[in-house]
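K.L.:
Handing you a structure now.
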Amino acid sequence: MEFGYPWWLRVEHLVNIIFMTFLIRSGIEILGTHPKLYWNEHSKPGSEWARFTRKVMPRDRLYDTLDEEESYSSIVSMPGHKNLGLGRHWHFFTVIGWILAGVLYVALLFLTGQWRRYFPYSWEIFPMAYQDVVQYLSFELPPTLPGQPFNAVQKLSYGAVIFLLAPFQIITGAAQSPALEARFPWFVRMLGGRQWARSLHFLGLLAFVGFIGVHVFMVIVHGFGQETAKMIFGRQTLPALATAITLAAAVGLVVLHVAATKYTLARPRSTQRALGAVVMGVRRVLLNPLTSRQSYPREALSPEHRVNGKPPNADFYKIMAAHNFAGYRLEVGGLVERPMSLSLEELRTFPTKQTQRVLHNCVQGWSSIGEWTGVPLRQIVELVRPLPEARYIVFLTMQDSGRDEPSAEGAGRFYEVIPLEFAHHPQTLLAYEMNGEPLPIKHGAPLRLRLETQVGFKMAKWIERIEFVSDHSIIGEGMGGWREDNVFYDRDVGI
Ligand SMILES: Nc1nc2c(c(=O)[nH]1)N[C@H]1C(S)=C(S)[C@@H](COP(=O)(O)O)O[C@H]1N2
Ligand SMILES: [Mo]
């Protein structure tokens with residue numbers, strides 16, 4: 001077998017450093033938006049096994065999970081400073097590249113026989129690796145394996161990173177996709193549940209960071225020049241030049257991160273559009289066709305639900321709520337043959353009343369399991385009969401962000417847009433009940449959307465009006481929803 005490292009392996013090594021560092025930083029940004037980890041599906045406040053925040057939440061008034069968000073420095077997170085939307089764009093954009101490069105790399109490993117280097121070919125390799133560790137700890141360099149460029153513990157750790165840790169991160173990451181969870185509930189159950197997947201994904205991050213730290217340290221221990229030469233030229237030659245190139249590449253990597261971070265913070269809208277175009281294209285193909293098939297048992301229901309968004313703080317709403325929403329009317333219009341106006345009573349006595357027990361996923365990372373009852377959205381669609389040019393549905397709510405949540409970023413009426421196809425999914429619901437009771441105010445009374453293949457922010461609460469449109473670019477800032485407009489979230493959020 002070829003002793004040196006082939007060129008494609010060296011290119012992959014370099015590309016991988018770029019992808020991994022972006023994945024790590026953007027991953028920390030995502031963690032920072034809900035800096036708590038759980039081993040239970042309910043994300044019950046106080047039940048976290050790890051927390052990365054010092055904030056203490058008030059007990060005497062309603063707080064929402066955006067109040068719990070942390071602002072991390074750009075040094076550790078991408079882009080830093082409470083930018084979940086932009087962090088997600090970077091995470092998903094780079095993960096696409098990382099997976100494509102990784103698949104190509106593994107395919108080449110197998111095609112060329114190079115994979116044997118990273119595979120333990122006999123049990124003996126394990127005691128040998130142990131011996132190697134002992135030798136390292138006594139400040140000696142262990143011998144390399146016969147005919148191979150590295151020793152037993154190196155072989156085992158590289159093999160574990162390529163064939164175990166990388167797939168583990170892909171699986172635990174994918175298991176946090178509401179679209180996958182909704183379509184294949186067994187998949188997330190297999191990992192112990194949604195919060196297990198999230199916690200495991202974090203432990204995978206620690207393993208990666210740990211590996212990178214030890215790996216770089218070992219390169220120094222073994223001889224920086226000769227080791228980096230192997231990765232640049234494929235063999236041990238010109239150590240001084242290899243050192244210079246490596247240091248220049250390291251500076252280049254830092255410059256790339258600084259430039260990307262500065263650009264993202266200075267031009268968030270352009271970043272959102274550019275990265276979003278790629279990410280949404282992939283999601284539209286892979287995730288949008290998935291439909292929800294969930295039915296959790298009653299025992300699985302969460303005792304408590306976290307809240308996101310502050311209820312309408314207006315007299316008309318409070319008066320309506322005091323009268324159990326007797327005066328409420330849902331307006332349905334836009335590009336439809338028959339615009340309608342429905343009272344809550346009419347919605348409650350609709351021919352079909354559907355109940356579903358499902359997992360709720362907030363974009364921030366927390367989850368809970370709830371039972372929702374209401375009218376399937378497809379029935380409303382059939383009643384009003386959208387015109388052929390209708391492609392999206394807009395949900396306009398009674399919440400005015402500037403009025404109801406003055407401390408938050410952005411203003412104006414909260415709205416969200418979904419593609420018309422989503423209305424035909426079997427578990428897309430206009431819910432007026434939660435856990436067998438009328439929908440509580442904090443959870444969206446009198447009417448909210450349930451769209452079980454998407455993350456939570458798409459499920460507008462306090463709905464006032466539904467409008468069918470051909471294009472959403474003239475609504476608000478045109479990005480497809482209040483969160484998309486104001487905090488640069490992504491659209492079609494199946495993950
Ligand atoms: N009108 C409105 N709807 C909203 C929000 C909001 O801020 N305003 N927050 C969304 C988010 S981010 C989530 S996670 C869910 C939370 O639903 P819950 O508060 O019932 O748990 O509602 C969604 N619907
Ligand atoms: Mo959310």
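K.L.:
Is it the case that Gly365 is within 16 Å of ligand 2 (Cβ to nearest atom), more than 22 Å from Leu396 (Cα to Cα), under 33 Å from the mean Cα position of the chain (by Cα) and not in a strand (DSSP E or B)?
P.N.:
yes
K.L.:
Could you tell me which of the residues Leu265, Leu203, Leu238, Leu290 is open to solvent by less than 40 Å² (accessible area, probe 1.4 Å) and either within 16 Å of ligand 1 (Cβ to nearest atom) or not polar (S, T, N, Q) (or both)?
P.N.:
Only one candidate passes the filter, namely Leu290.
K.L.:
Give the residue that is farthest from Asp404 (Cα to Cα), with candidates limited to residues of region 304-327 that are within 16 Å of ligand 1 (Cβ to nearest atom) and modelled with pLDDT under 95.
P.N.:
Taking the candidates together, the pick is Glu304.
K.L.:
Tell me whether region 339-354 contains one or more residues that are within 30 Å of Tyr38 (Cβ to Cβ) and within 23 Å of the chain's Cα centre (by Cα).
P.N.:
No: zero hits.
K.L.:
Still on this structure: Please determine, by comparing only the residues of region 63-114 that are assigned to a loop (DSSP other than H, G, I, E, B) and hydrophobic (A, V, I, L, M, F, W, C), which one is least open to solvent (accessible area, probe 1.4 Å).
P.N.:
Per the criteria, the residue is Met78.
K.L.:
Given the options Glu331, Glu299, name the one that is under 30 Å from Glu452 (Cα atoms), in contact (Cβ under 8 Å) with a residue 60 or more places away in the chain and out of contact with any Cys (no Cβ under 7 Å at 6 or more places or on another chain).
P.N.:
Glu331
K.L.:
Now for a different question. Cβ-Cβ under 8 Å, sequence separation 6+ or interchain: first residue in region 432-449 and in a helix (DSSP H, G or I), partner within 13 Å of ligand 1 (Cβ to nearest atom). Which pairs?
P.N.:
Ile441/Pro311; Lys442/Leu62; Lys442/Val307; Lys442/Pro311; His443/His305; His443/Val307; His443/Met434; His443/Lys461
K.L.:
Filter region 368-404 down to the residues that are part of a loop (DSSP other than H, G, I, E, B) and either within 16 Å of ligand 2 (Cβ to nearest atom) or of a type in the set (D, E, K, R) (or both) and list them by number.
P.N.:
Within region 368-404, Arg385, Glu389, Arg391 qualify.
K.L.:
With the checklist (1) touching a helix residue (DSSP H, G or I) at 6+ places or on another chain (Cβ under 7 Å); (2) surrounded by fewer than 18 Cβ atoms within 10 Å (Cβ to Cβ); (3) within 19 Å of Leu447 (Cα to Cα) in hand, flag the one item Ile369 doesn't pass.
P.N.:
Going through (1) touching a helix residue (DSSP H, G or I) at 6+ places or on another chain (Cβ under 7 Å); (2) surrounded by fewer than 18 Cβ atoms within 10 Å (Cβ to Cβ); (3) within 19 Å of Leu447 (Cα to Cα) one by one, Ile369 breaks only (2).
K.L.:
Across region 40-70, what is the number of residues that are within 16 Å of ligand 2 (Cβ to nearest atom) and among the small types (Gly, Ala, Ser)?
P.N.:
Matching residues across region 40-70 total 1.
K.L.:
When region 179-199 is examined, which residues are found to be among the hydrophobic types (A, V, I, L, M, F, W, C), buried (at least 18 other Cβ atoms within 10 Å of the Cβ) and over 16 Å from Ile495 (Cβ atoms)?
P.N.:
Trp196, the sole residue that qualifies.
K.L.:
From Tyr130, Tyr158, grab the single residue that is closer than 26 Å to Gly234 by Cα and surrounded by fewer than 19 Cβ atoms within 10 Å (Cβ to Cβ).
P.N.:
None of the others qualify; the one that does is Tyr158.
K.L.:
Here's something else I'd like to know. Taking Thr352 as the residue in question, decide whether it is in a loop (DSSP other than H, G, I, E, B) and either modelled with pLDDT of 95 or more or assigned by TED's automatic domain parsing to the domain that holds Glu467 (or both).
P.N.:
Yes; evaluated as a whole, the condition is true for this residue.
K.L.:
Oh, and also: Answer yes or no as to whether Arg283 is assigned to a helix (DSSP H, G or I), modelled with pLDDT of 95 or more and within 16 Å of ligand 2 (Cβ to nearest atom).
P.N.:
no
The values are calculated or read from the model by the stated rules, or taken from the named source; none is laboratory data. Here the structure is a predicted model, which means the values were calculated and not measured. All Cβ positions, glycine included, derive from the backbone under ideal geometry; neighbour counts span all protein chains shown. We work out accessible area using only protein heavy atoms, side chains counted, and drop any ligands, DNA or RNA first. Shrake-Rupley method; radii C 1.70, N 1.55, O 1.52, S 1.80 Å.
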